[in-house]
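Peer 1: My structure is below; once you've seen it, I'll send some questions.
The values are calculated or read from the model by the stated rules, or taken from the named source; none is laboratory data. Since the structure is predicted, the reported quantities are computational estimates derived from the model, not experimental observations. Ideal geometry is used to build each Cβ from the backbone, glycine not excepted, and the neighbour counts take in all protein chains shown.
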Amino acid sequence: MKLSFSPTKIFSYLLISLILSSCGGYKYQKMESYTQESFAQGKKGVVFFDIAEGSLSKNASLSYILVKLEEKDIRYRVNVNSGFSDFFSLKAFKRNAAQSLLYLDPGIYYIDYISLLDTYNATRWLPSPGYKDNYFLYGAFEIKSGQVVNIGQLVINGELKFNHTSDIDLVKKQLIENKKGELAGKIIDGNFYQRGSVVFRDKDKHYKLLSSTVIQEYHKKLVQHAIV
């Protein structure tokens, strides 16, 4: 089979690589592969998290950057398939188990960068940074050692707005089908801290997350108290 690449497509990939490699001297670290033996040591956590595009324009690829809040200079680049047809046929959910198993050190992680390369060789970048002035733009989640957590899926629509969805039963099914049944019995639902959530340090200087929902409820009470 003969493979051919158009100059436009080659330029798009080079442009993405140049931008990612020149972002403030960050270190891009490869995630360690999950094995039962390494997980049994209890030093890392397993999280199932996925990003997919649910618009009518099918993409050839979608990439995003994960950053550990405590180590902002170290970044993980995650590449996933994308496209409306995948999402519509529930293949996007299958990626939670088949492709989107993240095996990471404990800590708080946030999404800093998302790029979309469609089948017409057009590249789109979503606004960045993902964390500024203690607020998260895309969202964040926490990983604890020895835990297996389902964070769910962040779906991007044609207007570049986000919708979070989760189906832990489907993830369990896919885990069993992908011969990782030992994780299916341990997985629990985790919290995905969506856009507008904040981070702060407690009295022991540990990072803590506060969801956007809690913040909104707090603002409502303040307004009601001011009116009264």
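Peer 1: Take Phe136 and tell me if it is within 16 Å of Val199 (Cβ to Cβ), surrounded by 15 or more Cβ atoms within 10 Å (Cβ to Cβ) and not basic (Lys, Arg). Quick ask: steps written out before the conclusion?
Peer 2: Working: within 16 Å of Val199 (Cβ to Cβ): yes; surrounded by 15 or more Cβ atoms within 10 Å (Cβ to Cβ): yes; not basic (Lys, Arg): yes.
It is true that Phe136 is within 16 Å of Val199 (Cβ to Cβ), surrounded by 15 or more Cβ atoms within 10 Å (Cβ to Cβ) and not basic (Lys, Arg).
Peer 1: Go over the candidates Val198, Val155 one by one and state the one that is β-branched (Val, Ile, Thr), within 22 Å of Leu101 (Cβ to Cβ) and either touching a residue at least 12 places away in the same chain (Cβ under 8 Å) or buried (at least 16 other Cβ atoms within 10 Å of the Cβ) (or both). Spell out how you get there, then give the answer.
Peer 2: Working: Val198 fails: within 22 Å of Leu101 (Cβ to Cβ).
Result: Val155 is the single residue among Val198, Val155 that is β-branched (Val, Ile, Thr), within 22 Å of Leu101 (Cβ to Cβ) and either touching a residue at least 12 places away in the same chain (Cβ under 8 Å) or buried (at least 16 other Cβ atoms within 10 Å of the Cβ) (or both).
Peer 1: Which residues, counting only those in the range 31-74, are buried (at least 17 other Cβ atoms within 10 Å of the Cβ), at pLDDT 90 or above and not hydrophobic (A, V, I, L, M, F, W, C)?
Peer 2: Lys44, Gly45, Tyr64, Lys68
Peer 1: What are the pairs with Cβ atoms under 8 angstrom where one residue, in the range 171-188, is on the phi < 0 side of the Ramachandran plot and surrounded by 15 or more Cβ atoms within 10 Å (Cβ to Cβ) and the other, located anywhere, is among the polar types (S, T, N, Q) and in a helix (DSSP H, G or I)? Sequence gap at least six, or different chains.
Peer 2: If the second residue must be among the polar types (S, T, N, Q) and in a helix (DSSP H, G or I), the pairs left are Val171/Asn96; Gln174/Asn96.
Peer 1: Looking at the range 178-219 only, could you name the residues that are out of contact with any strand residue (DSSP E or B) (no Cβ under 7 Å at 6 or more places or on another chain) and either assigned to a loop (DSSP other than H, G, I, E, B) or within 16 Å of Gly130 (Cβ to Cβ) (or both)?
Peer 2: Taking the range 178-219 first, the residues out of contact with any strand residue (DSSP E or B) (no Cβ under 7 Å at 6 or more places or on another chain) are 178-182, 184-185, 203-206, 213-214, 216-219.
Passing the criteria: Asn178, Lys179, Lys180, Gly185, Lys203, Asp204, Lys205, His206.
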